[in-house]
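I have placed the structure first, in the form of structure tokens, so that the comments after it can refer back to it.
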Amino acid sequence: MHHFLEVLKELGPLGVLILSLVESVGIPNPGGTDFLLLFMAAARPESAVLSAFFAIAGSLAGSIFFFEVVHRGGERLLTKYTSSGRGQRFRAWFLRYGLITVFIPALLPIPILPLKIFAACAVALGVPRLRFLLVLLAARVPRYLALAYLGVQLGVDSGPWLRAHMWYLLALAALLTIALGLLTRRLNREAVQ
């Protein structure tokens, strides 16, 4: 894996595109795209924005593939992984909060938020492709542009800065979840009336 990461670093923004594509297809590499984007922005500030847009493009392309795979066998996969325990809780959260459960982990670089589980629930439970991709786009654009900015501004100190501020990011995730949950509930009530 270390050698693969070194090759991607040499490829510059194209390496960011490849890694974000691989990661979004569903091959686990928590934080890999974030790390590579921060590294590229620090090492090559002139290509930071291009790297961010390549991360966004790779994420969306990989998510299209992920969507199609899960859509074809999703209910069976969902039943297998969400019939008990932690998986059942994730499914219940998705049923209660909808695409907010996809948006928050796609937006904030917090490793403990399981984006792929919620994304799989969304697809398997019939969320339309366009809505799914728009939610990911709405989350990925600010995330990757902010990480590129952070990499340019802080350089090699970006990773330690994010780790030092993880509690703030968790608090932001909680506040966003509550705010979006309340907004969704209100909009649903108004739609019913």
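Within region 1-50, the set of residues being surrounded by fewer than 16 Cβ atoms within 10 Å (Cβ to Cβ), within 17 Å of residue 161 (Cβ to Cβ) and within 14 Å of the chain's Cα centre (by Cα) comprises 31 only. If you check residue 189 against the conditions, is it of a type in the set (D, E, K, R), surrounded by fewer than 17 Cβ atoms within 10 Å (Cβ to Cβ), over 20 Å from residue 91 (Cβ atoms) and modelled with pLDDT under 85? So residue 189 passes the test.
Report, by residue number, each residue of region 136-175 that is closer than 20 Å to residue 114 by Cα and free of Cβ contacts under 8 Å to residues at least 12 places away in the same chain. Within region 136-175, 163, 165, 167, 168, 171, 174, 175 meet the criteria. For region 159-167, the criterion of being surrounded by 12 or more Cβ atoms within 10 Å (Cβ to Cβ) and in contact with a Phe, Trp or Tyr (Cβ under 8 Å, 6 or more places away or on another chain) is met by at least one residue. Selection within region 39-59: residues that are in contact (Cβ under 8 Å) with a residue 60 or more places away in the chain and touching a Leu at 6+ places or on another chain (Cβ under 6 Å). The member of this set that is nearest to residue 19 (Cα to Cα) is 55.
Among the residues of region 109-130, just one is within 15 Å of the chain's Cα centre (by Cα) and of a type in the set (D, E, K, R), namely 116. Need at least 1 residues that are under 30 Å from residue 76 (Cβ atoms), modelled with pLDDT of 90 or more and hydrophobic (A, V, I, L, M, F, W, C) per element, so show me which helices (runs of 4 or more DSSP H) inside region 109-176 make the cut, counting only ones lying wholly within it. So the answer is 129-154. Restricting the first member to region 85-97 and to residues that are in contact (Cβ under 8 Å) with a residue 12 or more places away in the chain and surrounded by 12 or more Cβ atoms within 10 Å (Cβ to Cβ), and the second to residues that are among the polar types (S, T, N, Q) and part of a helix (DSSP H, G or I), the beta-carbon pairs closer than 8 Å and six or more apart or on different chains are 90/82; 90/101; 91/82; 93/101; 94/101; 97/177; 97/184. Is it fair to say residue 91 is out of contact with any Asp or Glu (no Cβ under 6 Å at 6 or more places or on another chain), at pLDDT below 90 and among the charged types (D, E, K, R)? Judged against the criteria, residue 91 is a match.
The values are calculated or read from the model by the stated rules, or taken from the named source; none is laboratory data. A quick note: this is a predicted structure, and the numbers were derived from the prediction, not measured. Here the Cβ is made from the backbone with ideal geometry for all residues, glycine too, and neighbour counts use every protein chain on show.
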